[in-house]
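K.L.:
Okay, here's the structure, questions in a sec.
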Amino acid sequence: MQIPIYQVDAFTDVVFRGNPAAVCPLQQWLPREQMLAIARENNLAETAFILKEENHYEIRWFTPDIEMDLCGHATLASAHVIFTALEPDLQTIHFESKSGTLTVTRNNGMLTLDFPSRVPTPAKAPSVILEAMNSLPVQVLKSRDYILVYPNEDAIVSMKPDTALLNTINLDPGGIIITAPGNTVDFVSRFFTPQSTIFEDPVTGSAHCSLVPYWATRLRKTTLHARQLSPNRGGELFCELKDDRVLMSGKAITYLQGTIFI
C-alpha cells in the first residue's frame, strides 16, 4: 500500500518554525494500530489522517503515543494540504472529528480554524506539577489541560520544568499550559505533555480553546493576539472568541511531500 504524506509547519510561514505535523490523505480508514505505528514512525507531535467523504473530510489525530480528541495545528496543516494540493478551488473545509464539526476557511493567505470553546475553571493542581516548575503560579485552572497563570512573559520564557518529575504523572490526553500577559501580544503560553515522546509542543491550537476564553474574560476583549514561546520554534495565532466557539487564524507552509510504503 502507498499512502501520500505531507509534512507541514503550522502557525508560521517560514520552514523550521511553528509546529510540524504530518498529513496523510487516505482512500479508506486504516486499523487504529497501523495509524498509531505511522505516527510513531513519523515521530512528530501529531500525524493527521484525513478521508474525503461527499461534502466533507473526516479527520483523526495521532501523537507517537495516543490518538487525540482534538488538535489545532494538525487540522491547520491538513487544511493547508487540501487547499494547496488536493482541492485548490475550495475556500471552506468541514472536518468531522471526535470533537464535532471543525471548519477551516481561507482568506488572503490566512487559514481560520473554528473550534469549540473549552472554558477553564479554578482548580487545584497536583503537587508534583507545582513542584516541577521554577516558580508558583498566581492562578490554577483546568479544562482538558491544567493551566498555570504567571504574572509576566519573562516567567514563561525562563521556565525550565523538571521533566523527570513531570514524567511521573500521566495526564493523557491532556497536558500543562503555562501562560501570562505578553510584552507585545495579548498573551503568551507554552505547553507540556508529561510521558509523551514530544514533551513540549511548539504551537498548540487545542490549548487556545481554553486560553482564549480565559484571556478574553480577563482582558475584556474578544479579539486576541497570541504567541506560543517554545524554544527554537514557537508560533503566532490571531484569535477571536465568538459565543461558544474559538476562531484561530494562522499560516502554514509545506516542508516535504512523499510516499509511505506499507
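K.L.:
Of everything in the stretch 144-174, what is modelled with pLDDT of 95 or more, assigned to a loop (DSSP other than H, G, I, E, B) and touching a Lys or Arg at 6+ places or on another chain (Cβ under 8 Å)? Give them in sequence order.
P.N.:
MET159
K.L.:
Another question, if that's okay. Are any residues in the stretch 156-210 of a type outside the set (Ser, Thr, Tyr), over 12 Å from the mean Cα position of the chain (by Cα) and closer than 18 Å to LEU237 by Cβ, and if so, which ones?
P.N.:
So the first thing to find is which residues in the stretch 156-210 are of a type outside the set (Ser, Thr, Tyr), and the list is 156-157, 159-162, 164-167, 169-178, 180-183, 185-188, 190-192, 194-195, 198-203, 205, 207-209.
Within this subset, residues satisfying the condition of being over 12 Å from the mean Cα position of the chain (by Cα) are 156-157, 159-162, 164-167, 169-173, 176, 178, 180-183, 185-188, 194-195, 198-199.
Within the stretch 156-210, ILE156, VAL157, ILE178, ALA180, PRO181, GLY182, ASN183, VAL185, ASP186, PHE187, VAL188 qualify.
K.L.:
Could you list, in sequence order, the residues of the stretch 194-228 that are assigned to a loop (DSSP other than H, G, I, E, B), surrounded by 22 or more Cβ atoms within 10 Å (Cβ to Cβ) and among the aliphatic types (A, V, I, L, M)?
P.N.:
VAL203
K.L.:
Based on this model, can you work out whether THR47 counts as among the hydroxyl-bearing types (Ser, Thr, Tyr), out of contact with any helix residue (DSSP H, G or I) (no Cβ under 7 Å at 6 or more places or on another chain) and crowded, with 18+ Cβ neighbours inside 10 Å?
P.N.:
Working: among the hydroxyl-bearing types (Ser, Thr, Tyr): yes; out of contact with any helix residue (DSSP H, G or I) (no Cβ under 7 Å at 6 or more places or on another chain): no; crowded, with 18+ Cβ neighbours inside 10 Å: yes.
The answer is no for THR47.
K.L.:
Got a number for residues in the stretch 91-100 being modelled with pLDDT of 95 or more and either polar (S, T, N, Q) or farther than 17 Å from ILE59 by Cα (or both)?
P.N.:
3
K.L.:
Under the condition of being within 24 Å of GLU200 (Cβ to Cβ) and of a type in the set (A, V, I, L, M), which residue from the stretch 25-44 is surrounded by the most Cβ atoms within 10 Å (Cβ to Cβ)?
P.N.:
Step one: of the stretch 25-44, the residues within 24 Å of GLU200 (Cβ to Cβ) are 35-44.
Imposing the further condition that a residue be of a type in the set (A, V, I, L, M) reduces the set to 35-39, 44.
Working: MET35: 20, LEU36: 18, ALA37: 15, ILE38: 20, ALA39: 26, LEU44: 20.
Among those residues, the one meeting the criterion is ALA39.
K.L.:
Just to be sure before I move on: is VAL157 surrounded by fewer than 18 Cβ atoms within 10 Å (Cβ to Cβ) and in contact with a His (Cβ under 7 Å, 6 or more places away or on another chain) in the structure I sent?
P.N.:
Values: surrounded by fewer than 18 Cβ atoms within 10 Å (Cβ to Cβ): yes; in contact with a His (Cβ under 7 Å, 6 or more places away or on another chain): no.
For VAL157, the condition - surrounded by fewer than 18 Cβ atoms within 10 Å (Cβ to Cβ) and in contact with a His (Cβ under 7 Å, 6 or more places away or on another chain) - is not met.
K.L.:
Looking at the stretch 176-193, which of its residues are assigned to a strand (DSSP E or B) and either of a type in the set (Gly, Ala, Ser) or within 24 Å of SER127 (Cβ to Cβ) (or both)? Walk me through it before giving the result.
P.N.:
Filtering the stretch 176-193 for residues assigned to a strand (DSSP E or B) gives 176-181, 187-192.
Of everything in the stretch 176-193, those that are assigned to a strand (DSSP E or B) and either of a type in the set (Gly, Ala, Ser) or within 24 Å of SER127 (Cβ to Cβ) (or both) turn out to be ILE176, ILE177, ILE178, THR179, ALA180, SER189, ARG190, PHE191, PHE192.
The values are calculated or read from the model by the stated rules, or taken from the named source; none is laboratory data. The structure presented is a predicted model; accordingly, all values stated were derived computationally and were not measured. As a convention, Cβ positions derive from the backbone with ideal geometry for all residues, glycine included, and neighbour counts pool all protein chains shown.
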